[in-house]
Amino acid sequence: MPKDMLNLHDFTRDDLEEILLRAAYFKKKDGKLFSSLQTKTIAISFWEPSTRTRLSFELAVRKLGGKIISFNPGISSEGKGENIKDTVKTLASLGADALIFRHRIPGFFQRIAQSTGMSLISGGEGCYQHPTQALLDIFTLQEKGIDFTGITVVMVGDILHSRVARSHFYVLPLFGAKLILVAPPVLLPPALVPAGVERSYHLENVLPAGDVIYFLRVQRERQEKGLLPSLGEYAVLYGLNEKRLTLLKENALLMHPGPMNIGIEISSRALKRLESSCPQRTLFREQVQNGVYVRMAVLDLLVAGRVV
């Protein structure tokens, strides 16, 4: 098992299956506290905002008995000119065994990983990857009894800026699923689509084929160039509304990494109808809950038994 989780390409399917099995064990033993990180100190530093990822990582560390150094970049010495490499060295000197991070610019930590004994675990890097999100998605679908071989996942939304999508470019085909990407042309340039993955600019054409419909958040904070004419127009063309619900397979499952933009990715009426008539088909809450167990598994396997 690699010491770092910066992307999923460094992990074989066997590696990922081991993580998922460990996550299933932790979920089965929910409520029990473990001690595998009892002698470990985990630093957590997010250079971009986060709620779900950061809180679930913190909870995962505590459930494994670890200690947390919570590092706030906004009030750190970076304002005095200290670079990220110096920050990592400082955390290592303070006794940190691992650093869980999020950063808006990808690539920094790939270089740093070669010069530190700490485990580096990504909570999302810019528009690069979000490894643990993709793993918790796979785990959630496995819990629903999904056999990935032969299923079709339709992924809709801001593909261009999505680190979740880039993680799934690798992991969904690795597990045997067919992936179809759907977005406006400006958010789905052909050069971005990897071999073996299909694309479409017309949601209605591919919704009926999806066993899983995965909606991505429209990342308004990354729309500096104003690529979309308006969010209202996006919702009309690519949002899930009551009319489009009729195009879904009877047992199609719906996913979203959160936070959801109600009225953009999914209309309030469509969401209310789903939650009232077939709540078992919406996996949004399960995704959040399962993030804790998957992140426990990652920490347990990458950090707990390793000597820095």
Go through the stretch 219-243 and give me each residue that's assigned to a loop (DSSP other than H, G, I, E, B) and modelled with pLDDT under 90. Q219, Q223, E224, K225, G226, L227, L228, P229, S230
Got a sec? Which helices (runs of 4 or more DSSP H) wholly within the stretch 123-210 have at least 3 residues that are under 23 Å from V292 (Cα atoms)? 131-143, 163-174
Please verify whether the stretch 106-121 includes one or more residues that are within 14 Å of S162 (Cα to Cα) and touching a Lys or Arg at 6+ places or on another chain (Cβ under 7 Å). no
Sort out which residues of the stretch 28-55 are of a type in the set (G, A, S) and either more than 20 Å from the chain's Cα centre (by Cα) or surrounded by fewer than 23 Cβ atoms within 10 Å (Cβ to Cβ) (or both), and write them in order of number. G31, S35, S36, S45, S50
Subset of the stretch 56-69 [more than 15 Å from I121 (Cβ to Cβ) and not charged (D, E, K, R)]: G65
Hits in the stretch 54-74 - residues which are part of a helix (DSSP H, G or I) and in contact with a helix residue (DSSP H, G or I) (Cβ under 7 Å, 6 or more places away or on another chain): S56, F57, L59, A60, V61, K63
Which residues, taken from the stretch 2-35, are of a type in the set (G, A, S), in contact with a helix residue (DSSP H, G or I) (Cβ under 8 Å, 6 or more places away or on another chain) and either over 21 Å from F101 (Cα atoms) or at pLDDT below 95 (or both)? A24
List pairs: first in the stretch 279-296 and under 11 Å from L254 (Cβ atoms) and crowded, with 24+ Cβ neighbours inside 10 Å, second modelled with pLDDT of 95 or more and not β-branched (V, I, T), Cβ under 8 Å, 6+ apart or cross-chain? none
Could you please find all residues in the stretch 1-35 being within 27 Å of T116 (Cβ to Cβ), in a loop (DSSP other than H, G, I, E, B) and among the basic types (K, R)? K3
Surrounded by fewer than 24 Cβ atoms within 10 Å (Cβ to Cβ), β-branched (V, I, T) and modelled with pLDDT of 95 or more: is that true of I151 in this structure? yes
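The values are calculated or read from the model by the stated rules, or taken from the named source; none is laboratory data. Because the structure is predicted, anything quoted here is derived from the model rather than measured. Methodologically, a virtual Cβ is constructed for each residue, glycine included, from the backbone with ideal geometry; neighbour enumeration extends over all protein chains shown.
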